[in-house]
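Data block below; observations after.
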Amino acid sequence: MAVIKKIQCPMCGFEGNEKDFYVGKSFIYSHIGKIPWCKSCIEKIYKKYFEETKDEKRSVYLMCRKLDIPFKYSAYEGAMKDSNKRSWDIYQAYIGKINSLGSSNNYGNSFDDSDKWIDGDEPTNTETEFEVESDFELTPEIIRFFGKGYKKDEYEFLYEYYNELIKMYDHSLPVQVNNYRNMAKTQLQANKCLESGDMNGYDKAMKILSLLSGDSNIKPVQETSAGNVSKGGFDVFIKHIEDEEPILDWEKDFGHVNKLKSMLNVFFFGNLARALNIKNPWQSEFDEEIKKYTVEDTEVEEEKNQVDFLEDK
């Protein structure tokens, strides 16, 4: 005789048989094969979100995220029809649709398999989060470069991660650019898996990232080992300096070389000669230039008289 599993709802403490709970296909429910919240508490979860959003679709989406079940637009549309036909609550019809047709319609097993939210803004996050202000500007060029389907903060992560790579490593070839772009996407996916507790997905993403790093000739030891300078250390550093902090073009940045020489004669040697009390062969140039920044006694006296006049008033 088969042993009937007893499951206790973590929300209300109700202890029931398997039939009292909905099927749960997420890997986090693999031991019991059920969503551990009882049906009554799942109703409360849905209604809580509906009270906050006043939107059935968003409430179902947020419920799916909470219960780790996939959100699919096609399943939602089918649930709407069933709900109207059978007078079910939308959340009941949706869970029934996912569980009865999940395998045949490739709905997936968990919230990670959900469709991207495309109906306006991202659903309201009712859980407390710390918001970090950012001046990142999402441009059409960035979307074209990384592809569509990401949220703004994800584009920001991709953009910053990619730019860190091209600052440190050679990106003169198209294949290198493509590898770095894929590395950014893979790291983003790894982060998502880690946040959701999907360690298998995280391990897979990190293996792919390691392969991409190898294809790009990027090894962690390059950044720390002096023995590998020729493979990505000092030569990369020199290229970075050349690209980001090039040597000044004297004539372009300071004008003609004679002007630069004159500036050195006046402001460096002129003041040095004055401090050391030695003869200055460019005294006339020094006097002429310094005069521009000199305040005459008469000007000081006139200004003092103006101040005295105002104070008397």
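Taking 7 Å steps out from each Cα toward its Cβ at D215 and N99 produces label points 4.2 nm apart. Between amide H atoms placed 1.01 Å from N, distances below 5 Å from V23 occur with I35, all of them 5 or more places distant or on a separate chain.
Averaged over its residues, region 29-121 has an accessible area of 52 Å² per residue, based on protein heavy atoms and a 1.4 Å probe.
A DSSP coil position with no more than 13 other Cβ atoms inside 10 Å describes the following trypsin sites (Lys or Arg not before Pro) in region 1-82: K5, K6, K54. Surface listing: E77, E18 arranged by accessible area from highest to lowest gives E77, E18, probe 1.4 Å.
With the highest mean first, a sort of the peptides 286-292, 94-100, 267-273 on other beta-carbon atoms found within 10 angstrom per residue produces 94-100, 267-273, 286-292.
May I ask you to derive the FRET efficiency for S284 and K167 from their Cβ-Cβ distance with R0 = 41 Å, giving the value to the nearest 0.05? After rounding to 0.05, the efficiency reads 0.25. Residues with beta-carbon under 14 Å from that of V23, excluding V23: net charge, scoring Lys, Arg +1 and Asp, Glu -1? Around V23, the charge tally is +3.
The values are calculated or read from the model by the stated rules, or taken from the named source; none is laboratory data. Note that the structure is a prediction, hence the values are computed from the model and not measured. Quick reminder, even Gly has a Cβ in these numbers, built from the backbone with ideal geometry, and neighbours come from all protein chains shown. SASA here: full protein model, heavy atoms, side chains in, ligands and nucleic acids out. Shrake-Rupley method; radii C 1.70, N 1.55, O 1.52, S 1.80 Å.
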